[in-house]
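These notes concern the structure reproduced below.
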Amino acid sequence: MNSLIKLELARALRNRKFLFFSVIYPAALFLLIAGKADSTTKVDGSGLTLPTYMMVSMASFGALTAVLLGNSERIAKERENGWVRQLRLTTLPGRGYVLAKTAGAAVVSLPSIVVVFVVAAAVKHVRLDAWQWLALTGAIWAGSLVFAALGVAIGYLASGDAVRPITMIIYFGLSILGGLWMPTTTFPDWLQSITKWVPTHAYAALGQAIEQSEAPHTQDIAILVVFFVLFAGGAAWLYRKDTLKA
Amino acid sequence: MTEPALRRTELRTPHEHDICHPVLRTVDTAGRTTPTATIDHMTTTATATTTPVVGFDQVSKTYGSVRAVDGLSLELHPGETVALLGPNGAGKSTTLDLLLGLKHADSGSVRVFGTTPREAIVAGRVGAMLQSGGLMEEVTVAELVRLACALHPKRFKADDVLARAGIAQIADRKVNKLSGGQAQRVRFALATAGDSDLIVLDEPTTGMDVSARQAFWATMREQADQGRTVLFATHYLEEADAIADRVLVLHRGRLLADGTAAEIKAKAGARRVSFDLEGEFDQAALRALPFLTSIDISGQTVRIQSSDADATVHAVYGLGVYPRNLEVAGLGLEQAFVAITEAEEAKQS
C-alpha cells in the first residue's frame, strides 16, 4: 500500500497546474480581498480584523480546493478507464486506493494552507502566537479530511462529463455558503441561519476560534464530525456498490 | 520445441519440482518429436492428481435478462496454454471477470488453485491483463511497473519485467503518452510483475500491428515456457490456433467446444474438398456422402466441408464418378469456429 501512496504523492507534487491552482490561487485571492483592508477594522461579530479573518477563510478554501477538486475527478476518471479494476487484481486492499488518494490530496493541501499564512504574515502583518500558527495549521489540515471524504464520494458517485460540474457546484456552494470568500455576517439573516450548518462554515470557524485564542466551539466540531461520518459512510457505500458492479 | 515440452511436465507436479525436474527432463528430451502427444498424455495423467488451476462448476451470471454465463463448467490444468474463443457477447470477459473475482457468480462456484479468486490473487498466484484494465496516468512506465512489482508477493525486479515486456526503452515515458500497442505491453508488464502461476490475458493484442503482435506472442510464450498456465481470450482466431494447447469455444455463455485447435477444426468439419464433375451426375448421391457437414453444388463444381476428408473423397470415387481438379484443404480455425457457432444456432432455432 505504501508504494501506491508514495506514487500518488509524487504524482500530486508533480502536477504543476493543480499545484498552482490550489497553492497559489488561495493566497492570491487573499491578497485581492484583504489587500486594501486596514488592520484595525473588525469583521462584524468576530472580533478579528479582515486580514486575520480572511487568512483562515482562504487557508480553508485552499485546503478545500486541494482535497475536493483533485480527487473527485481523478477517481471518476480512473474508475472509468479501468485503473481501479486493474488495482483490484493486485494484493492492494480495497481501502488502499482511497487512502493513497487522500494522502495525495493532503500533501497538496498542506502547502496551500502554509502559503496563505506566510503571505498574510508577510504582506498584511498578521501576528499570532506560535501555538496559534501550529494549531491553525493542524486544525485546518485535519479538518480538510472531511472534504477529502466528500471528494472520494463524488468520485464514486459521478462519472464522465458529470463529475466536473457536480464537483464545481458543490465546491462553489460550500465556499460561498461557508463564508470562505466573504464573511457570512454580510448575508441576510435567513441565509445566515442556514450557513451555520454548512460544514465549510464550521470548518472556518475552527480556525477563527483559534485566532481568538479560544477552543473551537463544540457545535462546529460536532457539525464537522457528523459530515465526516456522512461523507465517509457515503464514500464507503458507493465504493462497495462500484466494486460489485465493476 | 524442447522448452514447451519441458515446462509442461514440470508443472504437472507443482509441489515436487525439485525431485521430478531432472527425471522429467530426460524423458522430455527423448520424447520431443511428438510434443503434442506427450502433452496430451501428461494432461490426462495429471488431471487426477493435482488441484486444477481454475475450476468453474455450474457457474451462471445474469445481467438483467441476459445470461452472460450460463451453467459454465470447466477446469484448467497446470502448464496449459488455453485460448478462450468466442464472438462478442459470448461471455468471455464475464468469464474472466468471474475467474479474477471482479464479479461474483449468481450461482455455481469459481475456484482458483482451490481457493477463492481473491485469495489466489493475494497469494500472488495470478497475474492478469484486462481488456478494460486502465493505467494510472501522469506517472512514468517505470514507476508504474515498480508499483506493480512492489504489490506482488513474489515480485520480480522491475528492470527485468520492463526488459521482458520489451518496454525498457520507453521506461521513462509518461503512461498517458503511449500508443495503443505500447500501453498493451505495459499492461502485460503489470500482469507479469511477479512469479504468478496463472497469467490471464483478455484480448492482449488489441491495438497492435502484425509485427508487434508477433513479438508479443513470443514474449507470452516465454511465460508459458517458464511453466505458467496461460489463459487468453482473443478475437484473433489464428492466434488461438497457433499458440494454444487447448481451445475453449464460448457461445452465449456456454462452452461449445473444448479441445485442441485440431480437434475443434475436426469437430466443425474442418476440411474443404472441392472438385469438378463432367456431364450428368447424381446430386442426391453426393449429398448423401459420409462425413459431410455442408455441400454446395454450383454447375459442375462441388464444394464440400467434411469432418473426415479422406473417407469422403474415397466415397466420391465409390460413386463411380471422375472428379477433376480435386482439392483438399484445411479450414482455418476461424471458419471452423464460424461453422460451430452456426451449427449451434441452427440447433437452437
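Summing charges over neighbours of residue A:233, with a neighbour being any other residue whose Cβ is under 13 Å away from its Cβ, gives +2 when K and R count +1 and D and E count -1.
For B:152, B:314, A:201, A:217, the ranking by accessible surface with the largest value first comes to B:314, A:217, A:201, B:152, using a 1.4 Å probe.
For region A:1-41, heavy-atom accessible area (probe 1.4 Å) falls by no less than 30 Å² from the chain alone to the full protein assembly at A:3, A:7, A:11, A:14.
Name the shape class, rounded, prolate or oblate, that the alpha-carbon gyration tensor gives for region A:88-222, where a ≥ b ≥ c are the square roots of its eigenvalues, rounded holds for a/c under 1.5, and otherwise prolate holds if a/b is larger than b/c and oblate otherwise. Oblate shape, in that a/c is at least 1.5 and b/c is the bigger or equal ratio. With all protein chains in place and ligands, DNA and RNA left out, the 1.4 Å accessible area ranks B:65, B:132 as B:65, B:132, largest first. Neighbours of residue B:179 by Cβ distance under 11 Å: Lys/Arg scored +1, Asp/Glu scored -1, total +2. Restricting attention to region A:2-245, lysine pairs at least eight places apart or on different chains and with alpha-carbon atoms under 17 angstrom apart total 6.
Find me the longest stretch of chain A that has none of the exposed trypsin sites (Lys or Arg not before Pro), where exposed means in a DSSP loop (not H, G, I, E or B) with at most 11 other Cβ atoms within 10 Å. For trypsin sites (Lys or Arg not before Pro) (loop position, at most 11 other Cβ atoms within 10 Å), the longest site-free span of chain A is A:128-246.
At a 1.4 Å probe, what is the % contribution of carbon and sulfur to the accessible area of the protein assembly as shown? Using a 1.4 Å probe with all protein chains present, the protein assembly as shown comes out at 58 percent carbon and sulfur. Per residue, region A:2-245 exposes 44 Å² of solvent-accessible protein surface, assessed with a 1.4 angstrom probe and all protein chains in place.
With a 1.4 Å probe rolled over the protein heavy atoms of all chains, the accessible area of A:218, B:341 falls in the order A:218, B:341, largest first. Accessible surface buried by the A/B pair amounts to about 2400 Å², both sides summed, 1.4 Å probe. In the complete set of protein chains, residue-level accessible area for residue A:83 is approximately 10 Å², probe 1.4 angstrom.
Annotation: residue B:51 carries an accessible surface of approximately 80 Å², with a 1.4 Å probe and no ligand, DNA or RNA atoms counted. Take region B:45-141 with all the other protein chains still there, run a 1.4 Å probe, and you get 35 Å² of accessible area per residue.
In the complete set of protein chains, residue-level accessible area for residue A:239 is approximately 60 Å², probe 1.4 angstrom.
The values are calculated or read from the model by the stated rules, or taken from the named source; none is laboratory data. For clarity, every value in this text was computed on a predicted model and none was experimentally measured. FYI the Cβ positions are ideal-geometry reconstructions off the backbone, even for glycines, and counts take in every protein chain you see. In case anyone asks, the SASA skips ligands and DNA or RNA and just uses the protein heavy atoms, side chains included. Shrake-Rupley method; radii C 1.70, N 1.55, O 1.52, S 1.80 Å.
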